[in-house]
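Bear in mind that the values in this text are calculations on the coordinates, not laboratory data. Keep in mind that this is a model prediction, so the values were computed, not measured. Here the Cβ positions follow ideal geometry from the backbone for every residue, glycine too, while neighbour counts run over all protein chains shown.
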Amino acid sequence: MAGTVEDVTDDNYKAFKDAQATVVAYGIAACEPCAAYDPVLAEVARKLPSVRIGKAKMHVPGRCREIKKQHQFATYPTTHLYSRGNLLLTREGKVEEDELMTLIKDYLPTV
């Protein structure tokens, strides 16, 4: 849904990544930087409704099994920028709003 942070799960992960411009943040509940990142993601989603912004809650049992098989994360949060299924950028740790906006504008099409 444009302008909001969407839940990313095994069921919608491929379709989510295959969109023209996508940001996926991977996080866990016990991670303070992940919780601090949520408002940043929400604000960027609001400002850039043409970009799909999603959060994969890696701690929820059964929701992200296949995602975990595809990726190894050294730290949370980790952010991926995708365009049409291609991983363009990986960023570890919480990204501040202005930096995330710049990364999106530099890496993702039609933003």
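Work out the charge dipole of the stretch 5-93 with +1 on the Cβ of Lys and Arg and -1 on the Cβ of Asp and Glu about the Cα centre, then indicate which of Val60, Thr75, Thr9 is farthest towards its positive end.
Thr9
Considering only Pro39, Gln20, Pro49, whose Cα is most displaced toward the positive end of the charge dipole of the chain, charges sitting on Cβ of Lys, Arg (+1) and Asp, Glu (-1)?
Gln20
Given the Cα-Cα distance of Asp7 and Tyr107 and 0.36 nm per residue of separation, how much length would full extension add, in nm?
Gain on extension, Asp7 to Tyr107, equals 33.8 nm.
Would you list Met58, Met101 from fewest to most Cβ contacts within 10 Å?
Exposure proxy ranking, most exposed first: Met101, Met58.
Who wins for biggest fluctuation among Lys55, Lys14, Lys94 in a Gaussian network model of the chain, springs between alpha carbons below 10 Å?
Looking only at Lys55, Lys14, Lys94, the biggest GNM fluctuation is shown by Lys14.
Which value in deg cm²/dmol, rounded to the nearest 500, describes the helix-derived mean residue ellipticity at 222 nm for the chain, given -39,500 (n - 2.57) per DSSP H run of n ≥ 4 and division by the residue count?
Rounded to the nearest 500, the figure is -10000 deg cm²/dmol.
Picking from Val44, Val23, Val60, which is most flexible by a Gaussian network model of the chain using Cα springs under 10 Å?
Judging by the Gaussian network model, the answer is Val60.
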